[in-house]
Amino acid sequence: MDRARRDGLVRVDLSEANPTRCGLGGDAALVSALGHARGAVYDPSPKGHAEARRAVAAYYAERGLTVDPEQVLLTASTSEAYGWLFKLLCDPGDAVLVPEPSYPLFELLARLEAVQLLPYPLRIEEDWRVDLDALERSVDERTRALLLVHPNNPTGSLVRVDEATQLETIAERRGLSLVVDEVFGDYVWPGRASGRLASFVGPRRALTFVLSGLSKVLALPQLKLGWMVVLGPQAERDEALRRLEVVADTYLSVGTPVQRALPELLAARADVQRRILDRVLGNARVLDEALSAAGGVARRLPADAGWYAVIEVPRTENEDAWVLRLLAEDGLLVHPGWFFDMPRDGFLVISLLPEPEPFAAAARALAERLR
Ligand SMILES: Cc1ncc(COP(=O)(O)O)c(C=O)c1O
């Protein structure tokens, strides 16, 4: 990918999911909130500044979800949160269950903590469903946690309310913690919430960690502020928080200026999120139109949320051949499905964030090429 960009082969980068390179994300005025004098005093607090943790609780309250600020712990990013949770929950050689397809960083995040991944499949029927039987069959005596990306990246699927109950039952019965990545939770598409669980924040039967952060909530990954909310039975929750505080105190990785600016930053999210959702929905519509104008040779898989489109392509060529042809002949950069561990060959994944005009031209070229 880097070489294709360097060699000037890329006309439209449909893999671009960095909002700050798509004319989205917070504007400079938001980032300048970090320059306030309140950030000049260093008064470290391992779990994060109390005011910042209250701002996270208020963010959930505005979504109708109750969180005690004492259950919130700040991190520099969601990726860091995963690392800390693997340290907390696993000894070297222990394992965590991860959805397949999903976010490709798990492999590295786990390997850096000497943790094994046990994939469990999501299956596409009318919508994506968790294969609960396969999941349960994968659990062994070294399995410590069940990871969920909710909404999933790249499928955009949310779990159904009944699936969430069953996942929690499995976690409770098998002594697993739930780790739920909800970074895309604010980007649910209209009409797709029904029957799906909005968030795992709430009373939980199993020890549960819900992860999110500014990377997606405000489309400002460069600010380096994420968080986890610790939920579940009180004794386990308190013990987990006590231990996590030791990890957090060891690194103290979240910068003071961003913590102090957090109430102000989160208060500005509605505008940023509206612009992103408009962009994503507009691009998804244009893509669907282009695919149908090309005779329906390919289709976008249904999604509930998020910033990505998964396209099922003709299997006359394999994914890598499609990716190379689209690059060489049309100057389009797309992800092959295998990058996200799709269940079989025959999928491409694209970002729905690029600017509308180049996106529309690229969508038409992509559809024509697939035809
Ligand atoms: C599902 C998911 N989780 C986490 C992240 C990373 O977020 P952060 O910047 O907070 O590490 C990403 C980034 O794309 C993501 O797609």
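So here's what we get for this one:
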quantity: Förster radius 25 Å - calculated FRET efficiency between Glu236 and Arg142 (Cβ-Cβ, nearest 0.05); calculated: 0.85
quantity: Whole-angstrom gap from region 317-342 to region 33-70, using each part's C-alpha centre; calculated: 42
quantity: Cα centre as origin, Lys/Arg/Asp/Glu Cβ charges: the chain dipole, Debye; calculated: 520
quantity: Amide H within-cut-off set for Val149, under 5 Å, with H built and near neighbours excluded; calculated: Asp181
quantity: Förster radius 25 Å - calculated FRET efficiency between Arg173 and Leu117 (Cβ-Cβ, nearest 0.05); calculated: 0.70
quantity: For region 153-207, Kirkwood radius (reciprocal of mean inverse C-alpha pair distance, Å); calculated: 12.2
quantity: Sequence-distant residues sharing a close amide H with His335 (under 5 Å, placed H); calculated: Val349
quantity: Choice from Ala321, Ala206, Ala171 showing the highest fluctuation, given a GNM over the chain with Cα pairs closer than 10 Å; calculated: Ala321
quantity: Size of electric dipole in region 36-98: Cβ of Lys, Arg +1 and of Asp, Glu -1, about Cα centre, debye, nearest 20; calculated: 180
quantity: Cα shape, region 107-183, gyration tensor, a/c 1.5 rule; calculated: oblate
quantity: Inter-label distance for Ala293 and Arg315, nm, one decimal - labels placed 7 Å from Cα along Cα-to-Cβ; calculated: 2.9
quantity: Using θ = phi - 60° and Karplus 6.51 cos²θ - 1.76 cosθ + 1.60, couplings along region 66-73 (whole Hz; Gly, Pro as x); calculated: 9, 9, 7, x, 5, 8, 9, 9
quantity: Charge dipole (the chain, unit charges on Cβ, about Cα centre) - positive-most of Leu332, Leu118, Gly296; calculated: Leu332
quantity: GNM result for the chain, Cα springs below 10 Å: residue of Ala29, Ala305, Ala361 fluctuating most strongly; calculated: Ala29
quantity: Lysines with Cα under 16 Å of Lys224, excluding same-chain neighbours fewer than 8 positions away; calculated: Lys47, Lys216
quantity: Selection from Ala193, Val159, Gly255 lying farthest towards where the dipole of the chain points positive, charges on Cβ; calculated: Gly255
quantity: Inter-centroid distance (Cα atoms) of region 273-316 relative to region 135-198, Å; calculated: 24
quantity: Geometric extent, Cα atoms of the chain - Rg, Dmax (angstrom); calculated: 20.7, 62
quantity: Arg38 versus Arg5: modelled label distance in nm, points set 7 Å from Cα along the beta carbon direction; calculated: 3.5
quantity: Estimated vicinal HN-Hα couplings, Hz - region 121-127 in sequence order (Karplus 6.51, -1.76, 1.60; Gly, Pro = x); calculated: x, 9, 10, 8, 10, 5, 10
quantity: Share of pairwise Cα separations in region 252-371, more than 19 Å, in percent; calculated: 53
quantity: For Leu178, distant residues with modelled amide H under 5 Å away; calculated: Leu146, Leu207, Thr208, Phe209
quantity: Prolate/oblate/rounded label for region 14-107 (Cα gyration tensor, a/c 1.5); calculated: oblate
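Each reported figure results from applying straightforward, stated rules to the coordinates on display, with no laboratory input. The structure presented is a predicted model; accordingly, all values stated were derived computationally and were not measured. Counting neighbours? That spans all protein chains shown, and the Cβs are built from the backbone with ideal geometry, glycine included.
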